[in-house]
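Reading through the structure tokens given below for one structure.
None of the figures in this text is laboratory data; all of them are computed from the coordinates on show. Quick caveat: nothing in here was measured; it's all calculated off a predicted structure. Quick reminder, even Gly has a Cβ in these numbers, built from the backbone with ideal geometry, and neighbours come from all protein chains shown.
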Amino acid sequence: MHPTSITKKDLLLFAVFTAAVLAGPIILKPIGAGYPDLLQKFAIYGIFALGFNILFGLTGYLSFGHAAFLGVGSYTAVWTFKLLSMNPVPAIIFATLMGGLFSALIGYVSLRRSGIYFSILTLAFAQMCYNMAYSVLTPITNGETGLQLAQSDPRALDVAFGRDYGAVLPSSDLFGLEMTGYPGFYFCAVMLIICFYITLRIFRSPFGMMLRAVKSNQNRLNYTGVNTRPYALTAFIISGMFAGLAGGLLAVTDPLAGAERMQWTASGEVVLMTILGGAGTLLGPVIGAGAIKYFENIFSAFNKGILNNIFDFLPDFLQQVAVSVSSMFVGEGWHLTLGALFMVIVIFLPGGLMEGVSRISNLLSRRRSDGGSGGTPHPEPAE
Amino acid sequence: MSTLSVRNVNKRFGGLKALDNVNLEVEAGTVHAIIGPNGAGKSTLLNCFIGRLEPDSGSVTFDGQSLLGMAPHEINQAGVSRVFQTPEIFGDLSLIDNVMIPSFARRDGAFKINAWAAIRRNGPMAEKAMSMLCDVGLDAKADETAAHLSRGDKRRLELAMCLVQDPKLLLLDEPTAGMARADTNNTIDLMKRIAERGVTMVVIEHDMHVVFSLAEKISVLAQGAVIAEDTPENIKGNPKVQEAYLGGAHL
Amino acid sequence: MDAILLQILNGLDKGGAYALIALGLTIIFGTLGVVNFAHGALFMLGAFCAVAVKAVLNIQMVTIDPTKTTPWGAPMEIRQPYVEVWFGDFGTTLLDFSVPVSILLAIPIMLIIGIAMERGLIRYFYKRPHAEQILVTFGLAIVLQEIVKSYFGANPIPQPAPDVANGMIDFGILVGFEAGNVVYPAWRFIYFLFSTAVIAAVFAFLQFTTFGMVVRAGMADRETVGLLGIDIDRRFTIVFGMAAVVAGLAGTMYTPILSPDYHMGMDFLVLSFVVVVVGGMGSLGGAVAAGFLLGILQSFASMNEVKAILPGIDQIIIYLIAVVVLLVRPRGLMGRKGVMEH
């Protein structure tokens, strides 16, 4: 068997991606996103969307329940902090495994149906997890208050290694390096880069090709000698593990887990991130996640005062109209913008931003080769 | 020695007897055609071979192994490939991918997480797929998206997808339906070449030109029952066949 | 025995709401082939029709009574709704009956909203993949509920039932139990009767009118009906409007049972989808039967005796049933072959 490796082109893509992520604080400074709290979110939700894309982008199975795995990851990480150690490494390992375990269970049942049945089943499971987190599972989830650290937590490993946090409430740290601020971001960034590399390998592998075939024509794939269900289930579990990891990282940067992370709106958000960037593309979901979190951050911060300043140049009457209309979309109304964005993307650009980019570049290259022999270059898949 | 053996197969749909005690022996390395008027039960019979339908009684064995109750992918892994009446291809993937997928399925089996190896455009799998596309005359379009092909090209692509798996038995459901004459002749030539490699084929076909240029043996179905099974020459002269199938007209 | 009767009664009103929403979902899905994730939002909009009507009826005239002062010395303000000022006792009754009166407003409003939705958005998605239908209606649901939130706020707004219906009905006496064992809020029983009536009306419409016949034919085989030269497009619009009215009325009348808030729609939508799945996609009878069945089972699961054995079962019973049904009977209780197989 020939030893196989990724191509030079992919290696370059990976190198550029790595450099861009690591230089994130500098690159994103001009647009006002160069501070660690937001950068952490970019990286974490980038992982969430990357994983979701392995399921939805490749196999076409639209899950509406992935927030459940995010929530499970967060709870697991906080429990690992409480019971074992404040070191983030065991926390994210357990979070990833737990995300995988839950997605294996839910995926096994949900994947018995396809199409909309599948979407509804995953939605129902996620709602079930959410309801249970608020009710019966309160001893584990601490219900509405959310799961928090306490001084009296056992932290068995920390105690065994003689680490004592004293009388303060500890925060997660990697051998003494606190997981807040830039160290927290770089921890998440390294995870994002690892996840991106895994995704890249999957995309270029025979396994990834099979997943695309599941989306394209499941019937043919069956008659081609392929058992499609384990392929879809594997994709589901991988995406669940990515979600669990993302949930774990949320807890690493802020050791708190609440049930609202599992709500259907959170599931909808990752769907939006993925389609906004471009489902089935490599970079799209990361860009989509970044865009959503960035605009969420900006829009939520707006208030009437800022709006008044923005529309100051208008005559009084128009200023009032402009402010009252736009104030519906900002601050508390950010979700309205999100919903509207959802519709606009699905209606006009179902292929997402990456498709938009490739459409524009096609247009440009066609114009450039105008007058040449009719054979337009075959559009490269957007990645 | 017979490869595919169908014994006493019955299938009812409500009051309709779709298959009436069908017996069929397909010998290894031969091209066996199944003909019959519309509604004679040809497609029903084919669907019983590949697990789409379960006969009410009777047996279907391939190389001594029963195909009944097997999942579609298991039947394929046993060496049976099928070309459908309306081409089933991976529409949004490129032609080369379309052919590589069955190739991987044959190599890796029904399920294998082969996620760390990269597919190389110049590797052995791609070369094999490319030569297959060459065989069916689609090599120039290898990077195009399959959905954009003409109907005839889609059929040829599907044939390539089946052939790349080196099947022991190839089932073809009207492989030339809707094709222009020239295309039909090309397809006949292609199938002759496939037959020369020793692939056993079962062909359902309406076009008598195709049937008589290819088949070594013909079974005639009428109202769900096999009314004759013989060489093409003898079938041509069989009065029972002419009565039932051709309404008395001569071939 | 009386406890069982009480739980069955308890499940009827919720079951009625599930059945009405699921009915609309099924009709839309069967005829238009569209999965409408915004259907819960229609239920919510119907509920807010009641809120709006009450708010309008409650606009008050403020007069100052110079002869009296408040205990703090300010002149006494007398607030009285205009309807009472203008119509006297009739106005008071109108105010009391604001929820049922809202139906008069909800029907045209929901019809307009439904038609606007179909013409303005849904019809462009008939030919697009189900995933995109789900996503665009999901986005619409968010938009609708956020608009409602920005006007009416995030908190639930209680809507009282008319005084006459605020009492309890003692069903125990009717069937020979001791008095006081099976008492049931009158409005919830009214809701059950109302939902049954609406369901009967929808079935009668589908069964006995030519229009309904075409709709049923469309559900059985959409392509053929299209080939018959029947103007499907216009009928689709009306069907969608009708389903919107059914969902809206379900919401309007439900307000005294559950104070409406902006996200009530999504909660009901998820459950109604489960109802549709359990009943069998494309089966109207299945949707109604499963609606009531799940409503009743849910009320049994919330009995203390049951919760003592299986804690939390009331929260998840519906989902559990859906999972079991889908595993055992993948097409649902009354599903037909070939519907939504892909």
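Each Lys and Arg Cβ is given +1 and each Asp and Glu Cβ -1; about its Cα centre, segment A:33-262 then shows a dipole of about 1200 debye. The phi-based Karplus calculation (6.51 cos²θ - 1.76 cosθ + 1.60; θ = phi - 60°) puts the 3J(HN,Hα) values of segment C:287-297 at 4, 5, 4, 5, x, 5, 4, 5, x, 5, 4 Hz, whole numbers, x for Gly and Pro.
In segment A:68-109, the convex hull through the Cα atoms has an average projected area of 2.5 nm², a quarter of its surface area. Once backbone amide H atoms are built at 1.01 Å from N, residue A:87 has A:173 as its partners under 5 Å, excluding neighbours fewer than 5 places away on the same chain.
With springs only between Cα atoms under 10 Å, which of A:212, A:366, A:204 fluctuates most in a Gaussian network model of chain A? Checking each option, the largest mean-square fluctuation is seen for A:366. Taking every alpha-carbon pair under 8 Å whose residues sit at least 6 apart, segment B:88-166 reaches a relative contact order of 52 percent. The listed peptides A:248-257, B:192-201, ordered by packing as a protection proxy, come out as A:248-257, B:192-201 (highest mean of other Cβ atoms within 10 Å first).
For chain C, the longest principal axis of the C-alpha atoms and the axis of helix C:2-32 are separated by about 60°.
On a per residue basis, the convex hull of the C-alpha atoms belonging to the protein assembly as shown measures out at 258 Å³.
Quarter the surface of the alpha carbon convex hull of segment B:88-166 and you get the mean projected area, 5.0 square nanometres.
Specify the inter-centroid distance of segment A:58-134 and segment C:304-322, based on alpha-carbon positions, in whole Å. If we compute the Cα centre of each part, the gap is 21 Å. Here the Karplus relation 6.51 cos²θ - 1.76 cosθ + 1.60, evaluated at θ = phi - 60°, turns the backbone of segment C:101-114 into coupling constants of 4, 4, 4, 4, 7, 4, 4, x, 4, 5, 4, 5, 4, x Hz, with x for every Gly and Pro. Can you tell me the 0 to 90 degree angle between the C-alpha axis of helix B:151-163 and the longest principal axis of chain B, rounded to 10? Tilt of helix B:151-163: around 80 degrees. Percent of Cα pairs in segment A:29-179 per distance bin of 10 Å, from zero to the largest separation: 10, 32, 31, 20, 6, 0. Per the Debye calculation on chain B with a single equal scatterer at every Cα and no solvent contribution, log₁₀ I(q)/I(0) for q = 0.15, 0.16, 0.17 Å⁻¹ amounts to -1.08, -1.20, -1.32. Quick one: check the C-alpha center-to-center distance for segment B:161-192 versus segment A:176-201, whole angstrom. About 53 Å separates the Cα centre of segment B:161-192 from the one of segment A:176-201.
Qualifying chymotrypsin sites (Phe, Trp or Tyr not before Pro) in segment C:142-228, where qualification requires a DSSP coil assignment and no more than 16 other C-beta atoms within 10 Å, comprise C:177. Based on alpha carbons, the Rg and Dmax found for chain C are 22.3, 79 Å. Extending 7 Å from Cα along the Cβ direction at residue A:89 and again at residue B:230 yields two label points whose distance is 8.2 nm. Along its first, second and third principal axes, ordered by size, segment A:37-119 spans 42, 28, 15 Å in Cα coordinates. A cut-off of 5 Å between modelled amide H atoms, ignoring neighbours fewer than 5 places along the same chain, links residue B:18 with B:11, B:12, B:13.
Radius of gyration over Kirkwood radius for chain A, both on Cα atoms: the Rg/Rh ratio is 1.00.
With θ taken as phi - 60° and the Karplus curve 6.51 cos²θ - 1.76 cosθ + 1.60 applied, the whole-hertz 3J(HN,Hα) list for segment A:133-140 is 4, 7, 10, 4, 8, 3, x, 8 Hz, x standing for glycine and proline. The trypsin sites (Lys or Arg not before Pro) found in segment C:237-342 that occupy coil by DSSP, while having at most 13 further C-beta atoms within 10 Å, are C:337. Take every Cα pair under 8 Å whose residues are at least 6 apart in sequence, average their separation, divide by the length of chain C, and the relative contact order is 34 percent. Partner lysines whose Cα lies under 20 Å from the Cα of residue B:17, excluding those fewer than 8 positions away in the same chain, are identified as B:42. Using only the alpha-carbon atoms, how far is helix C:130-152 inclined from the longest principal axis of chain C? Give it as 0 to 90 degrees, nearest 10. Its long axis makes an angle of about 0 degrees. Across peptide C:128-137, the average count of Cβ atoms from other chains found within 10 Å of a residue's Cβ is 6. With contacts taken as Cα pairs under 8 Å and at least 6 residues apart, segment A:33-262 reaches a relative contact order of 46 percent. Mean per-residue shielding of peptide B:87-98 is 4, counting Cβ atoms of other chains within 10 Å of each Cβ.
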